[in-house]
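> My questions all concern the structure below.
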Amino acid sequence: MVRQLVARLLRDRAADASEDHWATMVVLVLVLVLCSGVGFVVVVEKGRVLLGCEEVVMMEEEFLTHLGANPQGIVVPPVEGVAGGGTAYGWNDGGGVHLSNSSPRGSIDPSEVLTSDLVHVWCLPSTANVGPQEIPSRHLEPINLLAARNERESVQIALRPKATWGGSGSAGVVQVQCSDLTSTSGDRLVVGQSITLRRVVSILGVPDALVPLDLPISQINLAPGETTALWVSIDVPSAQPQGQYEGEFFITAIKAEAESPSQRLGKADRHQLYLELRNCLDIMEPVEGKPLDEVVERAKSVNTSLRRVLLSPVFSEFSTDNGPVDMMDEDAISNLSVRVKLNLTVWDFILPATPSLPAVFGISDTVIEDRFGVEHGSDEWYEALDQHFKWLLHYRISPYFCRWGGNMRVLTYTCPWPADHPKSDEYFSDPRLAAYAVPYSQAVPGAAKDYLQKEIDILRTKSHWKKAYFYLWDEPLNLEQYDMVRNMASKIHTYAPDARVLTTYYCGPSDAPLGPTPFEAFVKVPKFLRPHTQIYCTSEWVLGDREDLAKEIISELQPENGEEWWTYVCLGPSDPHPNWHIGMRGTQHRAVFWRVWKEGATGFLYWGANCYEKATVPSAEISFRRGLPPGDGVLYYPGEVFSSSHQPVASVRLERILSGLQDFEYLQLYTSRYGRGEGLALLEKTGMYQGPERYTLEHTPIDVMREDLARLGCKRMLIFVVKEDYLTIAAKNYYEKLKRSG
């Protein structure tokens, strides 16, 4: 009952989180909590109160310490595991910046000192791994980004303190403020909608988790001797007008929240405050079973006591007469701040809403059930799966849920609801979904007879049936398992001869070799499985650095009969080949889909995006599965690990996956105009990707490739301008605008 009252109190106050109300909220929550006999951790931040339901007893001496604000608001998660290797850690595109010996020392008032004298600020591309030990590698320059419509582009801003102006254990606090991006014609990309800001948090000592920050203003606590990276993302809507957009980030060193008289209370004053609150508890504690009139009278008495507490000097600094607490002075922003200019060119073409490459990624439903305490098939279970599905769609990924059985048999389904449920059409008709998995048996067990046939009969009548596939078994190893795939596929094709069955494999049946060598046996799998499989999905690890082997695989297929070749990564391939392990280079992560495009695969599968070790509490420590490379099967984290948010937290690797998929679209658009040969020549010319061991380690070739692709056919234009004419200035301006847009 008390927990429900606390939750209701927070909901009721959420819409009125002004400074003069939050203190009331804290005290009321404490009263209710202490009534229950259950301890809570209370974290107070500007405008909100967060409760963690942990068994913690608050002692009298500790009470006031919970009333301070936390300008950072992010918990670095505990992680179990061993750090992985990789090609490199960090990023450097030139000589380091000389560190001045004239940095301010001693007692510093940041309101009187240029932030540039207190903090190094520099910018890096999204492919850089910016960890705590990263040193300034370049001077601050304006950020210049290029993007199509319906594309996300990201960049990083690094901060490293030069001096200390904060309290114990902190170099100091900086405030980050961002403006909208505006074009000369008045079009906008709005902060908080199209522009997001996240803090890069290390996992296993490697920058990976992207924890959301508030916009348009955030406060960040800088640690002495450490670099903090901010991840800036810009989402360009499909209908956004083309043009040049400009905006700014303002980074300002500020004072940590000053200690108020209320925080210097003596023991006697604190004891008096304790007695006042204790009296409130004594009044409200025995209300169970009391008449309503008596409960109302007790509540009035408590209200009087709490009002007396709030009017005491302890909370005087939060009264309405004192005005807002943390508003920045505009002159301080303009005079003392570091200004980071951001320029974005939006091109006049759109990346397709439906991805050209079906990239199907697994989500473990059992991990969700265990970690979030939801029962399989309950309303809460459907809500949790729905949240994960919709969140991953933003990454050009086509999610499927999976449940593993014995011997690598797997139940996969994209929609937890049956085909006759309205949600089914909502899921499968979403243009962002390129492919969906149909379950061989019910995702939620029931008494439905002939379930498979009924599902297929309904789905075959829909226009989205062409997206459907059946994923029945993961990496069959012997003749028995291959026969199981054949039998299940035969049943499916009885109901739908045009159904697509997907089979992942890296070898033929071990007890019935299909060829004299392992690779020859591997290449003969399509002939062995035909006609029971239509999508042959092979591991990139098998190919090694032999791109020519991909041609042998493709030559065995019968595309005229609807056969396709997809690829996947899992465990391997390892460094230096492209993959998504923690510790690999940023370009190594992004290059996975460069490889897919160059080798000619028409789809991609990844086994798991949330497959961390079992836990029964959402905020439990992050633990990667033993025996797997760090990060394998984990592309995002529970939001509860880092804050009170229930939204998943993306990894840096997931953002680079999105970038790779967008690169794939650029290559497809270019090829549709000029042919595949020209696309391959462009990769070679820019040096972006030549093979699984020969790809760029730096970011510049990526932008060069994208600029070339963005022209999409407009190789040259002649503009004739009369020497002296009333349109001369307008023509020259138009010429300059064309040059800037590529």
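The values are calculated or read from the model by the stated rules, or taken from the named source; none is laboratory data. Model, not experiment: these values are computed from the prediction. When we count neighbours, we look across all protein chains shown, and the Cβ atoms used for this are built from the backbone with ideal geometry, even at glycine. Calculation scope for accessible area: heavy atoms of the full protein, side chains included, ligands and nucleic acids excluded. Shrake-Rupley method; radii C 1.70, N 1.55, O 1.52, S 1.80 Å.
> Go through the stretch 687-728 and give me each residue that's in a loop (DSSP other than H, G, I, E, B), at pLDDT 85 or above and over 17 Å from Y674 (Cβ atoms). Working first, answer last.
Taking the stretch 687-728 as the starting set, the residues that turn out to be in a loop (DSSP other than H, G, I, E, B) are 687-688, 692-693, 696-699, 712-727.
From the residues that got through so far, the ones that are at pLDDT 85 or above too are 687-688, 692-693, 696-699.
Hits for the stretch 687-728 are G687, P692, E693, T696, L697, E698, H699.
> Further, regarding this structure: On the basis of being open to solvent by less than 50 Å² (accessible area, probe 1.4 Å), over 19 Å from the mean Cα position of the chain (by Cα) and farther than 19 Å from A650 by Cα, does E226 make the cut? Show your work before the answer.
Working: open to solvent by less than 50 Å² (accessible area, probe 1.4 Å): no; over 19 Å from the mean Cα position of the chain (by Cα): yes; farther than 19 Å from A650 by Cα: yes.
No.
> Can you tell me which residue in the stretch 466-485 is most open to solvent (accessible area, probe 1.4 Å), limited to those that are within 29 Å of D425 (Cα to Cα) and of a type outside the set (A, V, I, L, M)?
Of the residues in the stretch 466-485, the ones within 29 Å of D425 (Cα to Cα) are 466-474, 485.
Keeping just the survivors that are of a type outside the set (A, V, I, L, M) gives 466-467, 469-471, 473-474.
Numbers: K466: 153, K467: 29, Y469: 1, F470: 1, Y471: 5, W473: 15, D474: 14 Å².
That would be K466.
> If F604 passes every condition in (1) open to solvent by 10 Å² or more (accessible area, probe 1.4 Å); (2) part of a strand (DSSP E or B); (3) not hydroxyl-bearing (S, T, Y) but one, which one does it miss?
(1)
> Kindly establish whether R626 is within 27 Å of S643 (Cα to Cα), basic (K, R) and either at pLDDT 95 or above or more than 22 Å from the chain's Cα centre (by Cα) (or both).
On the way: within 27 Å of S643 (Cα to Cα): yes; basic (K, R): yes; either at pLDDT 95 or above or more than 22 Å from the chain's Cα centre (by Cα) (or both): yes.
Answer is yes for this residue.
> With respect to the numbered conditions (1) of a type outside the set (F, W, Y); (2) closer than 27 Å to V374 by Cα; (3) not in a strand (DSSP E or B), which one is the sole condition not fulfilled by L472?
With (1) of a type outside the set (F, W, Y); (2) closer than 27 Å to V374 by Cα; (3) not in a strand (DSSP E or B) applied to L472, the lone miss is (3).
> Considering the stretch 572-590 alone, what residues qualify as being surrounded by fewer than 21 Cβ atoms within 10 Å (Cβ to Cβ) and farther than 12 Å from D545 by Cα?
Across the stretch 572-590, the qualifying residue is only G572.
> So in the stretch 642-669, with the set limited to residues that are β-branched (V, I, T) and in contact with a strand residue (DSSP E or B) (Cβ under 6 Å, 6 or more places away or on another chain), which one is surrounded by the most Cβ atoms within 10 Å (Cβ to Cβ)?
Let us first name the residues in the stretch 642-669 that are β-branched (V, I, T), namely 649, 652, 657.
Those left that are additionally in contact with a strand residue (DSSP E or B) (Cβ under 6 Å, 6 or more places away or on another chain): 649, 652.
Working: V649: 22, V652: 30.
So, considering only residues that are β-branched (V, I, T) and in contact with a strand residue (DSSP E or B) (Cβ under 6 Å, 6 or more places away or on another chain), the one surrounded by the most Cβ atoms within 10 Å (Cβ to Cβ) is V652.
> Give me the residue from the stretch 346-363 that is β-branched (V, I, T) and surrounded by 18 or more Cβ atoms within 10 Å (Cβ to Cβ) and, out of that set, farthest from Y637 (Cα to Cα). Break it down into steps so the answer makes sense when it comes.
Let us first name the residues in the stretch 346-363 that are β-branched (V, I, T), namely 346, 350, 354, 360, 363.
Applying the additional criterion that residues be surrounded by 18 or more Cβ atoms within 10 Å (Cβ to Cβ) yields 346, 360, 363.
Numbers: V346: 31, V360: 19, I363: 12 Å.
Of everything passing the filter in the stretch 346-363, V346 is farthest from Y637 (Cα to Cα).
> Condition first: surrounded by fewer than 18 Cβ atoms within 10 Å (Cβ to Cβ) and farther than 16 Å from F604 by Cβ. Now tell me which residues in the stretch 520-546 satisfy that.
First, pick out the residues of the stretch 520-546 that are surrounded by fewer than 18 Cβ atoms within 10 Å (Cβ to Cβ): 520, 524, 527-528, 530-531, 541, 544-546.
Passing the criteria: E520, K524, K527, F528, R530, P531, G544, D545, R546.
> Hey, L411 hits all of (1) open to solvent by 30 Å² or more (accessible area, probe 1.4 Å); (2) under 21 Å from T503 (Cβ atoms); (3) in a loop (DSSP other than H, G, I, E, B); (4) not charged (D, E, K, R) but one; which does it fall short on?
(3)
> Please count how many residues of the stretch 364-398 are buried (at least 19 other Cβ atoms within 10 Å of the Cβ) and polar (S, T, N, Q).
Matching residues across the stretch 364-398 total 2.
> Kindly provide the set of residues from the stretch 95-133 that are at pLDDT below 95 and surrounded by 20 or more Cβ atoms within 10 Å (Cβ to Cβ), ordered by number.
The one that is at pLDDT below 95 and surrounded by 20 or more Cβ atoms within 10 Å (Cβ to Cβ): P110.
> What single numbered condition from (1) at pLDDT 95 or above; (2) among the hydrophobic types (A, V, I, L, M, F, W, C); (3) outside any helix (DSSP H, G or I) fails to hold for L452?
Unmet for L452, out of (1) at pLDDT 95 or above; (2) among the hydrophobic types (A, V, I, L, M, F, W, C); (3) outside any helix (DSSP H, G or I): (3).
> Taking the condition out of contact with any Lys or Arg (no Cβ under 7 Å at 6 or more places or on another chain), modelled with pLDDT under 95 and not aromatic (F, W, Y), does S334 pass? Before the answer, list the steps.
Values: out of contact with any Lys or Arg (no Cβ under 7 Å at 6 or more places or on another chain): yes; modelled with pLDDT under 95: yes; not aromatic (F, W, Y): yes.
For S334, the condition - out of contact with any Lys or Arg (no Cβ under 7 Å at 6 or more places or on another chain), modelled with pLDDT under 95 and not aromatic (F, W, Y) - is met.
A quick yes/no check of all residues on (1) touching a residue at least 12 places away in the same chain (Cβ under 8 Å); (2) touching a His at 6+ places or on another chain (Cβ under 8 Å); (3) of a type outside the set (S, T, N, Q):
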position	(1), (2), (3)
G406	no, no, yes
R409	yes, no, yes
S429	yes, yes, no
V438	yes, no, yes
K449	no, no, yes
D457	yes, no, yes
S490	yes, yes, no
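> Condition check: at negative phi and loosely packed, with under 13 Cβ neighbours inside 10 Å. Does K449 satisfy that?
Numbers: at negative phi: yes; loosely packed, with under 13 Cβ neighbours inside 10 Å: yes.
Criteria met by K449.
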